[in-house]
1. Is the stretch 590-600 home to any residue that is aliphatic (A, V, I, L, M), at pLDDT 75 or above, assigned to a strand (DSSP E or B) and crowded, with 18+ Cβ neighbours inside 10 Å?
2. Going through 674, 625 one at a time, which residue ends up being modelled with pLDDT of 80 or more, under 14 Å from the mean Cα position of the chain (by Cα) and surrounded by 16 or more Cβ atoms within 10 Å (Cβ to Cβ)?
3. If we scan the stretch 114-130, do we find a residue that is among the charged types (D, E, K, R), outside the structural domain of residue 47 (by TED's automatic domain parsing) and at pLDDT below 95?
4. Identify, from the list 35, 31, the residue that is among the hydroxyl-bearing types (Ser, Thr, Tyr) and touching a helix residue (DSSP H, G or I) at 6+ places or on another chain (Cβ under 9 Å).
5. Quick check on residue 216: is it closer than 26 Å to residue 8 by Cα and surrounded by 15 or more Cβ atoms within 10 Å (Cβ to Cβ)?
6. Does any residue in the stretch 41-70 that is more than 15 Å from residue 128 (Cα to Cα) come within less than 6 Å, Cβ to Cβ, of a residue that is hydrophobic (A, V, I, L, M, F, W, C) and exposed (fewer than 14 other Cβ atoms within 10 Å of the Cβ) six or more places away or on a different chain, and which pairs are these?
7. Would you call residue 325 without any contact (Cβ under 8 Å) to a residue 24 or more places away in the chain, part of a helix (DSSP H, G or I) and not polar (S, T, N, Q)?
8. Condition (residue is touching a Phe, Trp or Tyr at 6+ places or on another chain (Cβ under 8 Å) and either surrounded by 11 or more Cβ atoms within 10 Å (Cβ to Cβ) or at pLDDT below 95 (or both)) applied to the stretch 251-259: is it met by at least one residue?
Amino acid sequence: MLTLGEIKGVGEATLKKLKELDIRSVFELFSFLPSRYIDLSEPISVLEAAPGQLVLLEGRVERISSVSNREKRAFSVTFCDLKSNGKVRFKATFYNLPYMHDSFEVGQKYRLLAKLTNDPGTLNVVNPQMERLDKLAKLSAGIYTQYPLRGVMGQTAFKNIMYAALDGVKGGAYQGSMGKVNADIASAFEAAHRPHSAEKALEALDKLAAIDTAIALSIYKKLSKNTVLPRKVFYKNLNSVILDYIKALPFEVTPSQLSAMTDIKNSLESDECMSRIISGDVGSGKTVVGFFALYAAATSGRQAVLMAPTEVLATQHMRSYVPILERLGVKCALLTSSTPSAAKEEIYRGLASGEISCAIGTQSLISDAVKYKDLCLAVIDEQHKFGVNERKTLEDKGAVDILSMTATPIPRSMALTFYDDIAISYIKKREEATTNVKTSVIEDPEDGVRKIIEALEQGRQAFVVCPSIVDAEGFDISSVESFMRDHGAKLANFGVAALHGKLNNEQKLQAMTDFASGKLGVLVATTVVEVGVDTLASEILILNADRFGLASLHQLRGRVGRDGSEAHCYLQSVSKSENAMKRLDALVKSNDGQYLAELDLQMRGGGDFIGTKQSGVGVTPIFGLRVNSHILGMAKRYSLETLSALSLAELTALTRRGESRVRQFIEGVKKVTLNS
């Protein structure tokens, strides 16, 4: 097996540089994928280039400055952009290259490969690679690969090492299933690092992402089979429990709600512990189904908890549904960080003794101070807001049966690929909760404020959602702080308050209570209002909407028009990004959460050769590539057709990563899918 030290041109100094890039083996060298591909036959207009982006330009020399010895022997050349109808100019500055000055003549045409600088209001490049248009050689055809080298070494030097390594492993023998996988990876590496076309490069990256995902998926499924828990907790008379619960409700359940309750009953009667998700769009009535699970545990003489991501939501659940359980003889308690100390101690005693059957709350439910006498079941509301650790803590405290709820519909391709080990019940929206929200995109925030004020004057209520709490230097985004500063006085007569994560729980609860009661007309908030809060608001203005994912925008829109009356969602954005405009247009045209979830997953991971390597839990464990629905489909097939015969040890060897990294990836993909 070839080592880094055996690659032509790699000595001790180069090995140190490669180590700085976290490259310690030939496999890690090949896994260091390009961050960008540029088609050298297709220059673009300088107006299409983003600051910091490496681009291919063409220009005619208009003016040449003299050499300045005071600043790194610099000089500049002003070009007329040939791809902008001769109406746009850009400047190329050359540092420490005085010998090039006399080679330029006004009227000459050049092709340049360079990064646009970040100087606002300017179109500048620095020390470009360039060739005259009538003498093109290296910049005439093919695909230019750019690597994220962070200045550790030059692009050309790194590519020479990469190509020598690729040549050094050619013709390797690949036999058996593992050999087939290694051969597939090797051919994808070759195409990714030495692509014949941009299309082939992206095909190679998709193939690597699919293989990477397939390996992780295969490991995950083998691990999941080893962790299925046989049932040791049994429930009583669940058929009559459903009937009693339905009779106690002040409304009629929908067929899909009844179907979900039946799914839960069947899971609780099965030979294995329950791991089920209730997936339903905003307003579909998931919570009443979740409370059925609590009732099922309580009637069997055991304990259950419902954990919500915010105190506002936990309090809302307590107010809306606990009276139903208490009429059925079930004693419940609300436990959050703002529960008074004396009340907390009483709740602790009630949970430890078994006197309290059901607890509703936040992460306070899993604090070390809480001891349960016989906890067997947990309902996790908006499960993507919690991590694996919270679920594990609930299980350690006795919750062998887990029911998760999400208002973000799970894309079918994601469900079929990653949720084989978890049962999913889908709930359709109640007919009386059919959304009647009209969505539109606006550019000027002032237009949105005017529309909000018009609605307030008619006695309506409104949300204003900002992407951040405070202003951030260098980022032109709206914050709660700046909105209140600029518009708070205009809204004061209608009653306005802020709601965000930096407020204490009492302040958050007071703001939501005042808004829900009609005391306030406007709530200026961050996405803390995204999750499950019921109000009678009819208007929502989302500032810098292009900075939110489709799922979040759909959730936020679900905060208004919850009684079925006409409502309005204004998406404010000045972005001209194709991806952002496509997302916002989809929201304008559709209120179908399932459709939007599928579209969101399809769109993720694309983008004109830009940003193929990403950071975060949403990327594959080996190559750090993003996952979309197309890649999931490829991964599913590859897992079944190529990897099914491999053992857990062989699969783990292929990843060059431990099992925990694979679990993190799978859980991360699930979380990102629901929370982006």
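1. No, the stretch 590-600 contains no residue that is aliphatic (A, V, I, L, M), at pLDDT 75 or above, assigned to a strand (DSSP E or B) and crowded, with 18+ Cβ neighbours inside 10 Å.
2. Within the list 674, 625, the selection yields 625.
3. No, the stretch 114-130 has no match at all.
4. The conditions single out 31.
5. Considered against the rule, which asks whether it is closer than 26 Å to residue 8 by Cα and surrounded by 15 or more Cβ atoms within 10 Å (Cβ to Cβ), residue 216 comes out as no.
6. The qualifying pairs are 41/141.
7. no
8. yes
The values are calculated or read from the model by the stated rules, or taken from the named source; none is laboratory data. Source: prediction; values computed, not measured. Using ideal geometry, Cβ is built from the backbone for each residue, glycine included, and neighbour counts are taken over all protein chains shown.
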